[in-house]
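The values are calculated or read from the model by the stated rules, or taken from the named source; none is laboratory data. In this text the structure is predicted, and so the values were computed from the model without any measurement. In this analysis, Cβ positions are derived from the backbone assuming ideal geometry, glycine residues included, and neighbour counts consider all displayed protein chains. When the accessible area is computed, the model is the full protein with side chains, heavy atoms only, and any ligands, DNA or RNA have been set aside. Shrake-Rupley method; radii C 1.70, N 1.55, O 1.52, S 1.80 Å.
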Amino acid sequence: MKVILIGNPENRRLQMMQEALHSYQLNYQTIAWIDLLSTPHSFEELVEENDIIKIDSFGENFDVFKGLLKWGSESIKKEEFHQISKEEIDILPNDKGRIQYSRQAYLGFKEALKFVENCVMKKGNVRFMNTPTAILQMFDKKNAHQILLEHHVAKTKFLGTVRSYEELHQMMNQAKEHQVFIKLAHGSSSSGVMAYRRSKSREVLKTSVEIDKSSALYNSLNISTYRDATKIKLIINQLAKEHLIVEKWEPKATFNNKVFDLRLVVIGQKVEHVVMRSSTSPMTNLHLGNERGDLNGLIDYLGNEKWEEIKKTALQAVRSFQGAMVTGVDLMVQANSHKVKIIEVNAFGDLVPRIVNSEGRTTYEEQAFIIKSIFDEVLT
């Protein structure tokens, strides 16, 4: 009986989870994403009865990205989205930060998780922290929106998907919206996220996307503002090759003269950790140079009733995804009305360093604590 960790060994996510398991003296084994993709039988041989599996992010490793592209190469052939052949994948240069082939990588990720799920079905009483199905549902933003809608969860308005700059304008005209958020359907960490405003005579795009001299697109740690229609069209059309979703841009409330939203980490059906993210731009991600806000001050400002509504809404969102035990929920409070709305849910949303819960445990220590409780129950 052990914990199986699937992740990238060099990533601090995995390292912090390993440290937490070690502190509780729990037996664990790690399989690197690159090994699972290149020699999948190694995972199949590893799984035993009563194991618990935690699947972590595949990001920040270029070799893993190429492996996922190969796993997704057959599935992408059935679609009209941008694709790369297996032969081209082998010689693809490590162009750090470049935004490319996200749809094909997602399809490869989907195939890999199906393989993991099929392996587990052959074993007895194996559990997941987050099931492959729940992870895939959360990782597909269009699908996640639909699931939240079906479960009557208050969320930002989903307008649909677009394949071009022209389609975006048609959608905005039909919906009578002049400002929207545009996102890669399978992006993460603000990759490809755009805040777009349009009027009869002007348009403005705010995004962390940068254009190089060859018109290739890259993720940046800075927010750029584009007002030139030619550049805006280029960015949107390039990203539209990978599957774009469009949401209504609903103004976030401000506190201490900055807009804010919240990352709530739900573990075992309880809100355990919360980070307030404050920004002067529409993007609040902390890696873009934004700040952690004064959460206690915000709770005092909003009041206990509103704070309970926020936690209740986050829990309702997580319960919409069957098999989700560890989830990061991004949530906004609307300007003026203070209505609570889910922005999105994150299968790998537990990386919130230096934050502890009421028991003094980090997100990873809380997961280890729950795993220990499960193991103790099985053993007795």
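Quick one: in the stretch 266-299, of everything that is charged (D, E, K, R) and within 16 Å of ALA317 (Cα to Cα), which residue is surrounded by the most Cβ atoms within 10 Å (Cβ to Cβ)?
GLU272
Those residues that are in contact with a Lys or Arg (Cβ under 9 Å, 6 or more places away or on another chain) and acidic (Asp, Glu), I need them from the stretch 14-45; list them, please.
Correct list: GLU44 only.
With the condition kept exactly as written, say whether any residue in the stretch 55-63 is farther than 21 Å from GLU117 by Cβ, modelled with pLDDT of 95 or more and in a loop (DSSP other than H, G, I, E, B).
Yes; the residues of the stretch 55-63 include at least one that is farther than 21 Å from GLU117 by Cβ, modelled with pLDDT of 95 or more and in a loop (DSSP other than H, G, I, E, B).
Restricting the stretch 143-182 to residues that are over 19 Å from GLU80 (Cβ atoms), among the polar types (S, T, N, Q) and touching a residue at least 40 places away in the same chain (Cβ under 8 Å), which is surrounded by the fewest Cβ atoms within 10 Å (Cβ to Cβ)?
Checking each candidate, the answer is GLN179.
Quick one: what pairs do we get from the stretch 118-142, first residue aromatic (Phe, Trp, Tyr), second part of a helix (DSSP H, G or I), C-beta under 9 Å, 6+ apart or different chains?
Listed pairs, sorted by first residue: PHE128/VAL116; PHE128/GLU117; PHE128/VAL120; PHE128/ALA134; PHE128/ILE135; PHE139/TYR106; PHE139/PHE109; PHE139/LYS110.
Of the residues that sit in the stretch 100-131 and are aliphatic (A, V, I, L, M) and at pLDDT below 95, which one is most open to solvent (accessible area, probe 1.4 Å)?
Top of the filtered list is MET121.
Could you list all residues from the stretch 337-363 that are surrounded by 14 or more Cβ atoms within 10 Å (Cβ to Cβ) and of a type in the set (Gly, Ala, Ser)?
Within the stretch 337-363, ALA347, GLY349 qualify.
Within the stretch 219-236, how many residues turn out to be surrounded by 16 or more Cβ atoms within 10 Å (Cβ to Cβ) and either touching a residue at least 60 places away in the same chain (Cβ under 8 Å) or not hydroxyl-bearing (Ser, Thr, Tyr) (or both)?
Of the residues in that region, 7 qualify.
Every residue in the stretch 17-33 that is buried (at least 16 other Cβ atoms within 10 Å of the Cβ), closer than 10 Å to ILE6 by Cα and not small (Gly, Ala, Ser), please.
Within the stretch 17-33, THR30, ILE31, TRP33 qualify.
Which ones in the stretch 71-99 are free of Cβ contacts under 8 Å to residues at least 40 places away in the same chain, assigned to a helix (DSSP H, G or I) and either open to solvent by 40 Å² or more (accessible area, probe 1.4 Å) or not aliphatic (A, V, I, L, M) (or both)?
Of everything in the stretch 71-99, those that are free of Cβ contacts under 8 Å to residues at least 40 places away in the same chain, assigned to a helix (DSSP H, G or I) and either open to solvent by 40 Å² or more (accessible area, probe 1.4 Å) or not aliphatic (A, V, I, L, M) (or both) turn out to be SER73, GLU74, SER75, LYS86, GLU87, GLU88, ASP90.
Name the residue, out of GLU45, GLU10, that is open to solvent by 60 Å² or more (accessible area, probe 1.4 Å), touching an Asp or Glu at 6+ places or on another chain (Cβ under 9 Å) and not aromatic (Phe, Trp, Tyr).
Unique residue meeting the criteria: GLU10.
Condition (residue is in contact with a strand residue (DSSP E or B) (Cβ under 8 Å, 6 or more places away or on another chain) and within 24 Å of ASN27 (Cα to Cα)) applied to the stretch 330-345: is it met by at least one residue? It would help to see each step written out before you state the result.
First, pick out the residues of the stretch 330-345 that are in contact with a strand residue (DSSP E or B) (Cβ under 8 Å, 6 or more places away or on another chain): 330-335, 339-345.
Remaining after also requiring within 24 Å of ASN27 (Cα to Cα): none.
No, the stretch 330-345 has no match at all.
Among the residues of the stretch 116-152, how many are assigned to a loop (DSSP other than H, G, I, E, B) and not aliphatic (A, V, I, L, M)?
If we filter the stretch 116-152 for residues that are assigned to a loop (DSSP other than H, G, I, E, B), which is where we start, we get 122-126, 129, 131, 140, 151-152.
In the following step, the residues that additionally are not aliphatic (A, V, I, L, M) were identified as 122-125, 131, 140, 151-152.
Residues that pass the stated criteria total 8.
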